[in-house]
Amino acid sequence: MKLPSLGLRRFWVRSATRQRSGSLTRRMIGIAALWIGLLLGLGGYTLDRVLTNAITSNFDAQLDYVLTAMIGTAEIGPEGEVLFTRAPADQRFLEPYSGLYYQVSGEDFDPFPSRSLWDRRLEVREAHNDSDAHYYDSDEFPMERLRVIERDARLPGSPVRWRFQVAQNRDILDEQIGVLRRTLVRSFGILALGLLVLAALQAIYGLWPLRRVRRAIAAIRTGQKSRIDEKLPREIEPLTEELNDLLAHNETQAEEARRHAGNLAHALKTPLTVVNNAATAQSPDLADTVIREARTMRRQVDHHLARARAIGRRSSSLARSPVWPSLESVERAVSRLYENVTIDIAGHKQATVKVERQDLDEMLGNLIENAAKYGHGRVFVTVKTTPECVEIEVEDDGAGIPEAERLSIFDRGARLDTGKPGTGLGLAIVRDVAQIYGGSIHLEESEDLGGLLARLKLPIGEVTALNLPG
């Protein structure tokens, strides 16, 4: 089976990603369509109910007028039958099957129908009394739906309860309701279409600046631009500013990486040259030269690796490390190396810094180990918290460092006491790693112990209340 090409696989991956992520434009139009459909549906249904009831009420009012006129002109004849002093004005009552009918019914009397009923009779439902007008729909006649109004009344001179009924074919009413609904459907359909077009235009036009951002990013990727410098709406500006800051951050990291690589190459060049010259000249102390220069190269490699690790971990904005557990861990390790040294820790136990734990351990380890190594047996560590940073003071009771040499001591490989083992990179590593995280370190004279005081400042991880021991 032939495997698909790399380009085809990339196309499949992009297509799958697009299918999963979807489109903002389609989402906005879809949400708008759903909301428009819901609102117009509810509004249309409500309006249909209101207008349908209004048309039906008007239709019923006409039937009620006829029924009231019939009751008002009705009287009892000589044989107890119902007579009208004035015939109904509508001629349809006289035309068979005209669609407009009336009927008067009473106990022990045959119904008195209109001529339009001809051989049919309206159904009389005796299960209820209609002292008020009662409206209902009826399907009692085949192929003809009726709208019926009925009312019970007692005529003067008659103990009989007479039921007056007027019925009319619903075709006219249904036709009016049909016209109304067709008009509503057309109107709301046109309105929905117009709103959807408006929503689509709004989504496309509103998201158009994002397409400009995409083109600007493509231009940056191809090297045509270095920043997004287009004028964009206020809502997009924070995004472009963050992208520009990210680009600047990446350029800074790339520049730092290039600088570290150059510094490392320069630092290794001299030891390698010395070893090469000694080997070429077949120097009798070649072994000692190789060992000495290898140590130098190892110090340089360790220094630059520490900086590289700190730079790589700095990109995590969520880095948070509590200071106190790190101090306790370093104190235990240094106490095992220097059993005659007493290390006291005091201060804010809940302090947290925006530094990775490994880098924090490395900085504190270098400072406390130097204090234990060059002091006379006492090391005092104090943790202080300010609104802006966390200050960690490491004091010893050693000879200290003259003020004129406190800056040069940070140079790589600088050592004032060459009689004790070490690489001379501890303070340089502390300074470089602290600066990478936005911190600093300063050397001062300890007022309490008389030796050196190293004041390390690191960005605070979270603002907590001071909890100094009493």
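Summed over segment 322-340, residues that are in contact with a strand residue (DSSP E or B) (Cβ under 6 Å, 6 or more places away or on another chain) and either outside any helix (DSSP H, G or I) or outside the structural domain of residue 395 (by TED's automatic domain parsing) (or both) total 1. Looking only at segment 129-155, residues that are assigned to a loop (DSSP other than H, G, I, E, B), surrounded by 15 or more Cβ atoms within 10 Å (Cβ to Cβ) and either polar (S, T, N, Q) or in contact with a helix residue (DSSP H, G or I) (Cβ under 9 Å, 6 or more places away or on another chain) (or both) come to 2 in all. Can you find a residue that is of a type in the set (Ser, Thr, Tyr) and closer than 19 Å to residue 76 by Cα anywhere in segment 124-134? Checked segment 124-134: no residue is of a type in the set (Ser, Thr, Tyr) and closer than 19 Å to residue 76 by Cα.
Taking the criterion of being in contact with a strand residue (DSSP E or B) (Cβ under 8 Å, 6 or more places away or on another chain), charged (D, E, K, R) and either in a loop (DSSP other than H, G, I, E, B) or more than 13 Å from residue 455 (Cβ to Cβ) (or both), the residues of segment 369-395 that qualify are 378, 388.
Let's see how each residue does on (1) farther than 30 Å from residue 198 by Cβ; (2) surrounded by 11 or more Cβ atoms within 10 Å (Cβ to Cβ); (3) at pLDDT below 90; (4) touching an Asp or Glu at 6+ places or on another chain (Cβ under 8 Å):
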{"residue": "27", "(1), (2), (3), (4)": "no, yes, yes, no"}
{"residue": "36", "(1), (2), (3), (4)": "no, yes, no, no"}
{"residue": "40", "(1), (2), (3), (4)": "no, yes, no, no"}
{"residue": "47", "(1), (2), (3), (4)": "no, yes, no, no"}
{"residue": "54", "(1), (2), (3), (4)": "yes, yes, no, no"}
{"residue": "58", "(1), (2), (3), (4)": "yes, yes, no, no"}
{"residue": "63", "(1), (2), (3), (4)": "yes, yes, no, no"}
{"residue": "66", "(1), (2), (3), (4)": "yes, yes, no, yes"}
{"residue": "70", "(1), (2), (3), (4)": "yes, yes, no, no"}
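Against the numbered list (1) assigned by TED's automatic domain parsing to the domain that holds residue 72; (2) surrounded by 16 or more Cβ atoms within 10 Å (Cβ to Cβ), residue 196 comes up short only at (2). Residue by residue through segment 84-97, note down the ones that are out of contact with any Lys or Arg (no Cβ under 9 Å at 6 or more places or on another chain), surrounded by 13 or more Cβ atoms within 10 Å (Cβ to Cβ) and either at positive phi or not in a helix (DSSP H, G or I) (or both). Selection gives 84, 88, 90. Mind telling me which of the residues 77, 106 ends up being of a type in the set (Gly, Ala, Ser), buried (at least 19 other Cβ atoms within 10 Å of the Cβ), farther than 15 Å from residue 166 by Cβ and in contact with a strand residue (DSSP E or B) (Cβ under 6 Å, 6 or more places away or on another chain)? None of the other options fit; the residue is 106. I'd like to check something: does segment 361-368 contain any residue that is under 17 Å from residue 442 (Cα atoms), among the polar types (S, T, N, Q) and not in a strand (DSSP E or B)? Yes: segment 361-368 contains one or more residues that are under 17 Å from residue 442 (Cα atoms), among the polar types (S, T, N, Q) and not in a strand (DSSP E or B).
The values are calculated or read from the model by the stated rules, or taken from the named source; none is laboratory data. Worth saying up front: this structure is predicted, and the values here are computed from it rather than measured. Glycine gets a Cβ as well: all are built from the backbone with ideal geometry, and neighbour counts include every protein chain shown.
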